[in-house]
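Novice: Quick one: the structure is below, and I'll ask about it shortly.
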Amino acid sequence: AWEAANRNDHGSALPHLEHILAHAPDDALALVGKANSLAGLGRFDEAQVPLQRVLRRDPSNPYALAEIGVLEYNRGDLDAAEARFRAALAQEPERYSCPHEGLGLVFLRQGRLPEAEVAFERAIAINPRIEYKKFNGLAKIRIKQGRLEDARRLLETSIKNYPQDPEAASLLEALPPPPVPAG
């Protein structure tokens, strides 16, 4: 299920998650995974249901809090998303990259670039091998800073982590070619 979800194949992930939930209906990880896949399919209202179920049993579950933050971000409620990401970080500040990435996306959308930069860098430091939006977000900041080679490296990492992402490819294509070494 997680492998399919990480490939953005949420339609394939859902049956696996439903199978798990049929045998373990309160499995928090499967419920959060189901919500993540529903959100990935644009079914935001449905995605809220399993998350609320997790939070009824464990109000401080950082994964459910962060996923609700993602839903709020996607709905455009940046203040609520920021609050959820901060609540998730209060529970799991050092090992869970999603709330840092989420805060970076909120701050980037709000034009709070120094805060976005710190949040994206923290998310990358925690987990550099999965996810891609943190790399795209930091690359956008690096482009604005004129640090194009840094942006190129970030976008190449984003594509390596998630080849299906059209945003990274588009940003990379828009960059001027790298300088040719003298010699």
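The values are calculated or read from the model by the stated rules, or taken from the named source; none is laboratory data. Given the structure is predicted, the values throughout are model-derived calculations rather than measurements. No Cβ is skipped: glycine too gets one built from the backbone with ideal geometry, and neighbour counts run over all protein chains shown. Just the protein is used for accessible areas: all its heavy atoms, side chains included, with ligands, DNA and RNA removed. Shrake-Rupley method; radii C 1.70, N 1.55, O 1.52, S 1.80 Å.
Novice: Kindly indicate the residue of the stretch 1-42 that is of a type in the set (S, T, N, Q) and at pLDDT 90 or above and also nearest to the chain's Cα centre (by Cα) among those meeting that condition. Give the steps one after another, and end with the answer.
Specialist: Kept after step one, since they are of a type in the set (S, T, N, Q), are these residues of the stretch 1-42: 6, 8, 12, 36-37.
With the extra rule that they be at pLDDT 90 or above, the set shrinks to 12, 36-37.
Working: Ser12: 19, Asn36: 10, Ser37: 13 Å.
Here the answer is Asn36.
Novice: How many residues does the stretch 134-166 hold that are in a loop (DSSP other than H, G, I, E, B) and open to solvent by 70 Å² or more (accessible area, probe 1.4 Å)?
Specialist: Matching residues across the stretch 134-166 total 4.
Novice: Let me ask something else about it. Of the residues in the stretch 23-52, how many are open to solvent by less than 80 Å² (accessible area, probe 1.4 Å), assigned to a helix (DSSP H, G or I) and over 22 Å from Asn161 (Cα atoms)?
Specialist: Total meeting the criteria: 9.
Novice: Kindly check whether there is at least one residue in the stretch 53-63 that is loosely packed, with under 13 Cβ neighbours inside 10 Å and either of a type in the set (A, V, I, L, M) or not in a helix (DSSP H, G or I) (or both).
Specialist: Pass one, the stretch 53-63, residues loosely packed, with under 13 Cβ neighbours inside 10 Å: 56-57, 59-60.
Those still in the list that are either of a type in the set (A, V, I, L, M) or not in a helix (DSSP H, G or I) (or both) too: 59-60.
Yes, the stretch 53-63 has at least one match.
Novice: Would you confirm, using the coordinates I've provided, whether Glu131 is among the charged types (D, E, K, R), under 28 Å from Gly42 (Cβ atoms), modelled with pLDDT under 95 and open to solvent by 40 Å² or more (accessible area, probe 1.4 Å)? Can you show your working first?
Specialist: On the way: among the charged types (D, E, K, R): yes; under 28 Å from Gly42 (Cβ atoms): yes; modelled with pLDDT under 95: yes; open to solvent by 40 Å² or more (accessible area, probe 1.4 Å): yes.
For Glu131, the condition - among the charged types (D, E, K, R), under 28 Å from Gly42 (Cβ atoms), modelled with pLDDT under 95 and open to solvent by 40 Å² or more (accessible area, probe 1.4 Å) - is met.
Novice: Hey, any hits in the stretch 73-88 for a residue that's of a type in the set (Gly, Ala, Ser), open to solvent by less than 20 Å² (accessible area, probe 1.4 Å), over 27 Å from Arg112 (Cβ atoms) and in contact with a Phe, Trp or Tyr (Cβ under 7 Å, 6 or more places away or on another chain)?
Specialist: Restricting attention to the stretch 73-88, the residues satisfying the condition of being of a type in the set (Gly, Ala, Ser) are 76, 80-81, 83, 87-88.
Those left that are additionally open to solvent by less than 20 Å² (accessible area, probe 1.4 Å): 81, 88.
Filter once more, keeping what is over 27 Å from Arg112 (Cβ atoms): none.
No, every residue in the stretch 73-88 fails to be of a type in the set (Gly, Ala, Ser), open to solvent by less than 20 Å² (accessible area, probe 1.4 Å), over 27 Å from Arg112 (Cβ atoms) and in contact with a Phe, Trp or Tyr (Cβ under 7 Å, 6 or more places away or on another chain).
Novice: Something else about it: Based on what the data block shows, is Ala116 crowded, with 21+ Cβ neighbours inside 10 Å, modelled with pLDDT of 95 or more and under 21 Å from Asn36 (Cα atoms)?
Specialist: Values: crowded, with 21+ Cβ neighbours inside 10 Å: yes; modelled with pLDDT of 95 or more: yes; under 21 Å from Asn36 (Cα atoms): no.
When the stated conditions are applied, Ala116 does not pass them.
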